1. Taking region 755-771 as the region of interest, how many residues are in contact with a strand residue (DSSP E or B) (Cβ under 7 Å, 6 or more places away or on another chain) and surrounded by fewer than 18 Cβ atoms within 10 Å (Cβ to Cβ)?
2. Working carefully through the options Asn445, Asn490, find the one that is more than 18 Å from the chain's Cα centre (by Cα) and within 30 Å of Gly803 (Cβ to Cβ).
3. With Gly861, Gly835, Gly856 as the choices, which residue is open to solvent by less than 10 Å² (accessible area, probe 1.4 Å) and either within 25 Å of the chain's Cα centre (by Cα) or over 18 Å from Val794 (Cα atoms) (or both)?
4. Take Trp410 and tell me if it is modelled with pLDDT under 80 and under 30 Å from the mean Cα position of the chain (by Cα).
5. Output the residue which, of all residues in region 153-191 that are without any contact (Cβ under 8 Å) to a residue 40 or more places away in the chain and buried (at least 19 other Cβ atoms within 10 Å of the Cβ), is farthest from the chain's Cα centre (by Cα).
6. Would you mind stating whether Tyr290 is modelled with pLDDT of 80 or more and aromatic (Phe, Trp, Tyr)?
7. Looking for whichever is open to solvent by 30 Å² or more (accessible area, probe 1.4 Å), among the charged types (D, E, K, R) and under 25 Å from Thr597 (Cα atoms) here; the options are Glu716, Glu740, Glu747, Glu730. Which one fits?
8. List, please: which pairs have Cβ atoms under 7 Å, are six or more places apart or on different chains, and start with a residue in region 848-864 that is under 30 Å from Ser877 (Cα atoms) and end with one that is outside any strand (DSSP E or B) and modelled with pLDDT of 95 or more?
Amino acid sequence: MQKKHFLPFLVTILTLVTFLFSALPLDAAIAQVGGPGGCTPDPTGGGCPTEEPDPADSGERAPATRTPFPTATPLSFSLPQPSPEFPFRPTPFGFQARPTATQPLGVAFPLDPDLDLEAWAIEVTQGLQDLENRMPLVARRGTVIRVYVRSKSGTIQGVRGIMQITQNGKVVGIRHSDNQPITAYADGGDRLDVDSTLNFSAPIYTRDGDVNYKVFVYPVNTQFPYQYEVTAENNFFEVDVEYQPGSDVTIVMPSIHMHMYDEDEIFLNQIMDYESNMDSYRIGFDLERYYPVVDVKIISWASKIYPTDHKKNGPHSSDEWTLINNGTAPSEMMAKIQVARDEHNYYSDDFWYGMLDPTLPWWWNILDEDGNKTYNKEGEESKFFATGFSNGTVAIGLMLTNFDPDSPWWVEGGVTGAHEGGHNYGLGHYLCNGNEDLGGGIDPNYPYPEVIGDGVVNCSLAAVDPLGFYGFDWGWGLWPHLNGPTVISNDPAEAAPNRGFPTMGYRRPQYVDVFTYCTLLNQFGVPCNLGDLGVSIIPDSMKLASLDNLPFAHDDGEGELPEYLENVNDFLRVYGAIGFKDNVASFTDVIRTDTLTEKQIQAVIQHAGHVHHAEDEGLTTPYMLSLEDASGNPLFSLPLYNTESPHEKSIGQSFNEVIPFVSGTKFIRIRSGEAILAERRVSNNAPKVSINTQNRGGALALPVEVSWSGIDPDGEPLTYTLQYSYDGGENWTSLLRDLENTGVIIESFDGIPGSENGFFRVVANDGVNTAFDANDVAFTIPDSPPVSTIVSPVNAFVAPQGGALTLTGQSIDMEDGFLAGESLEWTSDIDGLLGTDEELIVYSLSPGVHEIKLTGIDSKGQRGEAIVYVNVDPNNSIALPSQQEIDDVTAFFAGDVPEQARPVDAVEPVGPESTATPAAAQPEPDAQPAAQAASGLPLGLLAGVGVGLVLLAGFFALRNRNK
């Protein structure tokens, strides 16, 4: 009987306990029983805090304490192992990824319950920026928005951010941080640490005009975290910026025909031609990291650049280019590239960069003024493997992809191209390593030198200031060996990899500096005032102060031809090189013509401006280009100033001049004083040439044979140039130059525009005089499809799921030029169409191996594709905001923000590991549920009474049953 009545007795006891607790408010009851919101006793023995009576006896309850969420435990994960079939690189794309936690990440609060998370700065960087965002921004250029966060109450983990983008007064997007969550520190973290800031990517179409970035930062596991803060106003931060229209830069990259020498400098008939590949594209695209341009466009030139006398007498050292000190070779290379550029009329080409094979073991020595070799501090010979025209349009360099292991963002071939291109844009050397003057002229006005003894100057990128201009390597995704961006300090004493030196110096590793970046911004059409950036005013006498005289200053059509070319209809285009060491010179090309193209005229005007400036600066030269009669009497002369080649100061100079042909000229000579260094004899008669085939018109079918016959009445040897016009003879582009034979077979139309009004023309040259002939009837060449290239990501990339994957690429069509916008489609074989344009940021790729395809579509509907493979790894994920977070924060940005003051009922954290409970689980401070408000009784009391009545009824039912 005792046993039989035990269960009803237990039910009765539970009923009474339930009824007693029902008299308390529901949330207070939860706190006392230690449920989801209960306290955790202090492990030091402090126990749970207790309520203290209110002195005013107002009846209001004190804030209760809450149990912290469980500590977050990262998932373990592994990346795919490399395999010969599909060699994935275990490298996340975008900023450093973090594994997704099995539980919500905890927020480590300090003992001080006054939580205060603050967004205190936004840096909008395109490679170089300060925290005031004073460096002008270029529309559509790659951009990273860094949001600086700090805690006024100790370290806070698990911080996220959401950014609203407003463009020209209209909200155009909401973005989450690419690298969240991060940790907020009391001191704001280390600016050199990429993950000390919340980093955001903005779509390319939003990087134009007036833009406002407004950011809200919050701990990861709270829905309304500012309810627990002293103030919520500093969780928001916004900045207004302006993106200004800029320019692309187009680089044509021809291969230079080279030969090898052995260790004893004996000529070997071993050809060292560099074939274009993805490495050469990367070196070209790398200029975008150093130049403030919208984009870098790369054109691989199909024809090689050969020496003038290539194969005329069989291959030997006098007819071939090698990387030894054989006089004028490097200068001749640039002269030959300049000829090719002057005869190229397909599309815009800002400058040409000749590609040298990187396996060549020797390069030119840097010599002193007496022609002797120089040595570095380690006793090694000082050498250079690249050179470029100053204020010119061409340069050459080895295609080197080696990088500094301590600062792997520094890639030798990329920075070399940027350095040589800097000369093309009028920049001199900065004395930062102590020996730059051996390679060429020094700019004495560089504003950030620091003499550290023994004549060595240690340059900084900007004024040393932790809040000043820092570099940010946003273009790191170009290189396979990099797994994230690097921040480069303005302090030259900083340790690797965060140390950098100016691009135009020799001290490694080089990065772009404020002085160079601002100067180049002006070059590319974006106004930049060095004084506004804190740089001392540059003297008017400084060459770089006259930016309008520099090439590509976007004032085409302005300026005048030199007086000696006015009213001239018989021109000489003269190209050549001078070697200083042995006082030698050579002509590479002399072309007599009755017309100049618009491109050639603009080059003459620009060059004339540089010559005038050189004369104003008192520059002198012993070298003279002279037209002379049969007796050697001068008919016309022009000084050959070394304004073009500061890098060749101790080697030589290239020259390209346009001068009038004067009647009676029998010799074209280069003189140094009275000495004749080189000459071309002018024959009495021009050659004759006749094209023999393809006069029938109609559609051309491959292979196409083009042949001709030529004769020179004076018996001079002839060379030929094959040219093509796609517009009925208005513009001509040279396809092949320096031909000795009288025919070619065209096996492909790749690299030339299609046309329904096409013509071939052959130009014969006897050394000076020229003649030409073209086919009589226009022919048709089919349009070529676009050629597409994916710049980033690199092939076989491993990307974190949910991370920002930035897709960049280009597609060039020979008829339409470079494609953009909807003419460029990005697709995935798993997720389908991803979007369009030259750059696309995607977040939501499905897990798995994707075939990412870039398709360029031209105006005729022809398609050109490029493919890379990307593995989206589900075991390596970026923490994404929930839709609820996005919706709530979007409402905040719209002004629908609840009370920011700490509510009376807010629950305080009690220990260093405490975490706040989502606000959705808390009652409003002044709100009562409807049932409670109607009855005037506590909701808990009503619930307890109901439960008690039910249990009592059950008890009596059991009792009656057991009787």
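1. Adding up the residues that qualify gives 1.
2. Sole residue among the options that is more than 18 Å from the chain's Cα centre (by Cα) and within 30 Å of Gly803 (Cβ to Cβ): Asn490.
3. Exactly one residue qualifies, and that residue is Gly856.
4. no
5. Out of the qualifying residues, it is Ile182.
6. Considered against the rule, which asks whether it is modelled with pLDDT of 80 or more and aromatic (Phe, Trp, Tyr), Tyr290 comes out as yes.
7. Glu730
8. Note: pairs meeting the criteria are Gly848/Ile830; His850/Asp829; His850/Ile830; Glu851/Asp829.
The values are calculated or read from the model by the stated rules, or taken from the named source; none is laboratory data. Note that the coordinates shown come from a computational prediction; the quantities given were computed from them, not determined experimentally. Because the Cβ atoms are built from the backbone with ideal geometry, glycine has one as well, and the counts that use them run over all protein chains shown. Each accessible area value is taken on the protein alone, full model and side chains, heavy atoms only, with ligands, DNA and RNA left out. Shrake-Rupley method; radii C 1.70, N 1.55, O 1.52, S 1.80 Å.
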